[in-house]
Amino acid sequence: MRKTIFQVTCVFALSLISSLLWGQASNTMLSGKILNPQGNPIPNATVTVINASTNTSQKVLSAPDGSFTLNNLAPGTYRLEIDAAGFKHTTEQDVSLTAGAPAPLNLTMQAGSGNDNVQVRGHAPAIQSEGGEVSTMITQKDVNELPVIDRSSEALVTLPGGTTPAVPALDIVRDPERNRYYSTNGQDPTINIWEADGLDNTEPFRNTAVQVVPETGIAQMYIATAGQTVEHGYNGGAWVNQQTRSGSNDIHGDLYEYWSGDMMRARNSFNNFSGSSNPQFVYNQFGGDVGAPIVKDRTFIFGLYQGTYQTGDLSQLSTVPVAGALTGNFTGIPGLTLYNPASGLSTGFGRTPYSSGIIPSSQINPASAAIAGFIPAPNLPGFYDNYVSAVPLQTISNKADGRIDQRFGDKMTGFLRYGYTNDWTQNGSPLGNVIGAAERSRLLGQNASLDFTNQISDRLISDFRFGYDRYDDRINSAANESALGSQLGLTNFNNNLIGINIPGLAPNGAAAYLPEHAVDNIFNWSWNWSLQTSHNELRWGTDIRRIRSDGFTDTMFGSLFGPNGTASFTPGATLLNSSNPAALTPYSEFYNSYAAFLLGAPTQFGISNYLATPTIRQTEYSAWVGDRIHPFSRLSLDFGVRYDVFSPLEPRQTGGADRKSVV
């Protein structure tokens, strides 16, 4: 399917002044006016902006109307030096620039000799007075100081208004990074975009981040939720860009560790009965970072490491059949009536009930009886929520990030960054390691970015970026089914049990998406330009994304069948279908469904398998042009046109998307 998006943005803004602080991609633009005490413009003033951390600088001359613009500045703290004939040298200290946050900045010079110096060490906070983009900037201070249980910066996306709580939506085996899903302004959670340093960082199938950048590696997070400018028109939800940290002229670093062990954990309230043991579990997260100069004022390096180790058992409350029901005797379960699915009509009308709620042993499926033999006995009273188990969980996560920044000259800068994540996870099952749906996974997430910024002239800036993402996720069953194979008289039977779904009972067998080896290779090219004139702030650019995805056999909500097959058992198989059916009793859903399992009467069964590895190829092209015009001192007009073309989804091999067998 060919998808073409045409977006035209026209924002009319009335403000007190026409200057602004505006950001694009992961860098920012500083604009403003140089004025005399009477408020008149000062032309040809030399404006020098100096990064307080790296001592890098850019210069520009003010236009006849006093306006100036400096493009593609890295977010951070700056010092401004202004010189003009007939005026005192003026220094503006502690000017904080944040990526993508438009705000005005006017500078007033005092008449006098250039040998005199006027220093301004504080200024009123800039207020966004231009543009209609609804956005929030989260600074490095916010990231460091706001409490997040697993140090995931993604949890902070709920700080802007109009967003739902950001929570993990996938299980820990498929998503060991615990990516956050959230909705913005009522939109679907899967249309939000993650970027790092202005380049793609989104896994297209699950809409998670390819690599979740650790908190200590983030300088700023820019979140646009509505009214997005023409540069950010790629998506329909929120646009989140994480600007990574760089080194500076000073050596700086951090060390941290969070440890939570048995002595610091309270007993689970559901695991507090006579004879129960308190599961042992340890959570340990630790790491550090360091930034330093290689060549002062020219070359800088930054690196970090973070490890997260979880190991032990977690208490889990679930339901298992009571002793008699386990083997087919449902006598004594309140309000339960079982009907023989082999009696009456195939539609369920005219079925006869089992006498005393007992299924004859001759009708119990031998395979079901063998599987039932591995279901543990209840350890709590009652017919439901009667089993507390210690489910083993182990995760080992190692992350590393590195970035090198280079100043090639007064007008050219660049950086190279690489991020690596290695997650190993194994999660058990409350039903044990024979029939339970235990799983393990190995996730490798990598992304690299390269950036070159060239100040061609005082008013023309070019910024070229290239990014590469690789997402490699292997998921397999962690069960050992050889004991079940022995009971069934089968040799070499391991990890071949079909998926069994019974409402109320923990999953049996393999999930429908197992085994899975999902791989993404994503390439992103971005080339942006900006041109400043006395009345215009013109910017244009192009963005190309090439997606190569292989092996994804699941969606966010899971697949229906799998190569081992999946059987679903529901209450209908052992209920009476009549014109006036009795309402389900509190225990009917579980015990009628379990009775259907013993009888080997699934409501739904199927096997699906790909004859070839499923593959997807797509290229997404974007081009845009925008202009902010200042016809008068109190009036600005913001125009933008964007054109996106998505190529049709194609398999790597002709017909590959159709190579699927379903039974």
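The values are calculated or read from the model by the stated rules, or taken from the named source; none is laboratory data. Computed from a predicted structure; not experimentally measured. Cβ atoms come from the backbone with ideal geometry, glycine included; neighbour counts cover every protein chain shown. We work out accessible area using only protein heavy atoms, side chains counted, and drop any ligands, DNA or RNA first. Shrake-Rupley method; radii C 1.70, N 1.55, O 1.52, S 1.80 Å.
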**Residue-averaged 222 nm ellipticity for the chain, from DSSP H runs of 4+ at -39500 (n - 2.57), nearest 500** = -1500 deg cm²/dmol
**Complete:** Per residue, the convex hull enclosing the Cα atoms of segment 410-478 spans a volume in Å³ of 86
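Could you tell me what percent of the accessible area of the chain is made up of carbon and sulfur, with a 1.4 Å probe and every protein chain present?
Roughly 56 percent of what the probe reaches on the chain is carbon or sulfur.
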**Asked** Using +1 on the beta carbon of Lys and Arg, -1 on that of Asp and Glu, and nothing else charged, what's the dipole of segment 474-621 about the Cα centre, debye to 20?
**Response** 200
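My understanding is that a pair violates if its Cα-Cα distance is over 26 Å; which of K88/K296; K33/K296; K59/K88; K296/K399; K59/K141 do that in this structure?
On the way: K88/K296 30 Å; K33/K296 32 Å; K59/K88 18 Å; K296/K399 28 Å; K59/K141 29 Å.
The answer is K88/K296; K33/K296; K296/K399; K59/K141.
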**Message:** I'd like the orientation of helix 588-599 relative to the chain: the angle between its Cα long axis and the longest Cα principal axis, in ° from 0 to 90, rounded to 10.
**Reply:** 60
**Prompt:** Check S183: other-chain or 5+ apart residues with amide H under 5 Å from its amide H, H built from backbone geometry?
**Reply:** T164
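Averaged per residue, what accessible surface does the chain expose to a 1.4 Å probe, in Å²?
43
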**Message:** Given all pairs of different Cα atoms, what value in angstroms does the Kirkwood hydrodynamic radius of segment 462-585 take?
**Reply:** 20.0
**Fill in**
Which residues qualify? For A226, with a placed amide H closer than 5 Å and at least 5 residues away or on another chain, they are V134
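Rule-of-thumb check for the chain: C-alpha Rg over 2.2 N^0.38 Å?
Here the answer is 1.21, to two decimals.
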**Mean Cβ neighbour count within 10 Å, used as a protection proxy, ranking 384-390, 624-630 highest first** = 624-630, 384-390
**Item:** Check: the chain dipole with +1 on Lys, Arg Cβ and -1 on Asp, Glu Cβ, in debye
**Value:** 680
